[in-house]
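First the structure, in the form of structure tokens, and then the observations on it.
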Amino acid sequence: MAVGLRERKKLKTKEAIHRAAMRLFAKRGYEETTVEQIAAAAEISPSTFFNYFPTKEDVVMLDIYDPIAVQMIKERPKSETLGVTFRRVLEGLDAIFERDRELVLERGRIMLEVPELRGRLWDELERTQAFVIELLSERTGRKPDDFELRVTARVAIAALYEASLEWFRLRGRKRLVELANHALDVAESGGRLGAAPARK
């Protein structure tokens, strides 16, 4: 369904505020940056900021790539496996993540270091889980509470989460799509781990 002009303008403003906030957090620190400073950087008033985000935490929690990813997922063939869908979508987002690498890395760092945000991260993962379960239910005809369906969704999400953590740890030195493909390979292998590879 096409997004209306008003909604597009709203999303554009939210993204501009988010980007301004990330730049300030990288420069000043999360705790040291105020809503007033974010509003000034985004060229809006503090009251306008609160029209879009209830708290400073919420500006970090916004994932500006979610609408793109969701649309790409919905456009994939329904006969496709979940792993293939995730791989193709991440390949499609690869150039965007590379372009915005510093912004995405800064958001990840803050979410992992600030206790309040780290707690909310689990809520986001649960929402992602619910979305993937609904997707799989539509594709397979199974009920959302199907045990195997829920396990499949959880394993895929856990693999991608670990890939993201590794990407943050490496400060983006490897491409996220490469790490995600590796994580999905491990998940799809059924956990059959051999001996650790020799260190070079």
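Of the residues examined, residue 100 is not one that is among the charged types (D, E, K, R), without any contact (Cβ under 8 Å) to a residue 60 or more places away in the chain and open to solvent by 40 Å² or more (accessible area, probe 1.4 Å). Evaluated against (1) more than 30 Å from residue 152 (Cα to Cα); (2) open to solvent by 20 Å² or more (accessible area, probe 1.4 Å), residue 29 falls short on exactly one condition, (2). Checked against (1) part of a loop (DSSP other than H, G, I, E, B); (2) out of contact with any Ser or Thr (no Cβ under 9 Å at 6 or more places or on another chain), residue 77 passes all but a single condition, namely (2).
Looking only at residues in the stretch 130-149 that are touching a helix residue (DSSP H, G or I) at 6+ places or on another chain (Cβ under 6 Å) and part of a helix (DSSP H, G or I), the one that is nearest to residue 112 (Cα to Cα) is 132.
Applying the set (1) in contact (Cβ under 8 Å) with a residue 24 or more places away in the chain; (2) part of a helix (DSSP H, G or I) to residue 51 leaves exactly one unmet item: (1). Can you confirm whether the stretch 107-126 contains a residue that is open to solvent by 20 Å² or more (accessible area, probe 1.4 Å) and either hydroxyl-bearing (Ser, Thr, Tyr) or closer than 19 Å to residue 178 by Cβ (or both)? So far as the stretch 107-126 goes, no, none of its residues is open to solvent by 20 Å² or more (accessible area, probe 1.4 Å) and either hydroxyl-bearing (Ser, Thr, Tyr) or closer than 19 Å to residue 178 by Cβ (or both).
The values are calculated or read from the model by the stated rules, or taken from the named source; none is laboratory data. Quick caveat: nothing in here was measured; it's all calculated off a predicted structure. For neighbour counting, all protein chains shown are included, and Cβ atoms are generated from backbone atoms with ideal geometry for every residue, glycine included. Heads up: the accessible areas ignore ligands, DNA and RNA and are worked out on the full protein's heavy atoms, side chains in. Shrake-Rupley method; radii C 1.70, N 1.55, O 1.52, S 1.80 Å.
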